[in-house]
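Just so it is clear, none of the values below were taken in a lab; they were calculated from the coordinates. Quick caveat: nothing in here was measured; it's all calculated off a predicted structure. We place every Cβ from the backbone using ideal geometry, glycine too, and count neighbours over all the protein chains shown.
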Amino acid sequence: MKQVVVCRPVNNIPINGAMEYLLDGEGGVRIFDSTEQAEKELRDAGCVDEELRHMLFLESCGACRRCGSPLFRSLIPQYEYQCFTCDEDFYKCEQEGEPCGTHTTFSLCS
């Protein structure tokens, strides 16, 4: 079963394109063990079908090569992946081990 994050359009306005993620108690993005668990917890918190219909349930697509946490598809067009633990979006080459070509990858932290 793939892990899942939940997001929706900011202020429930889909035309602005910006998304907000469901957060955990510490302010990080909440990662659920499955879509079913996410839906159940949202319903238990009072969400109704109409609200759930406007939410996106994004499944993990692997593990981050940097930290090992679940990796998700990025919602930013120029990037392929997103890691919420690293709080960073990655080019495909950064996570799949391909040469990055014109993209320069470096770390500001040691």
### Task
Let me see the pair-distance distribution of the stretch 4-96: every alpha carbon pair, 5 Å bin width, integer percents in order.
3, 13, 22, 25, 19, 12, 5, 1, 0
## Note on the structure
Protection proxy (average C-beta count within 10 Å per residue), highest first, orders 40-48, 75-83 as 75-83, 40-48
### Message
Counting other beta carbons within 10 Å of each residue's own, what order do 23, 58, 52, 71 fall into, fewest first?
### Response
23, 52, 58, 71
### Summary
A correct fewest-to-most ranking of 19, 55, 1 by other Cβ atoms within 10 Å would be 1, 19, 55
### Query
By how many nm would the segment from residue 75 to residue 50 lengthen if fully extended, with 0.36 nm per residue of separation less the alpha-carbon distance?
6.7 nm
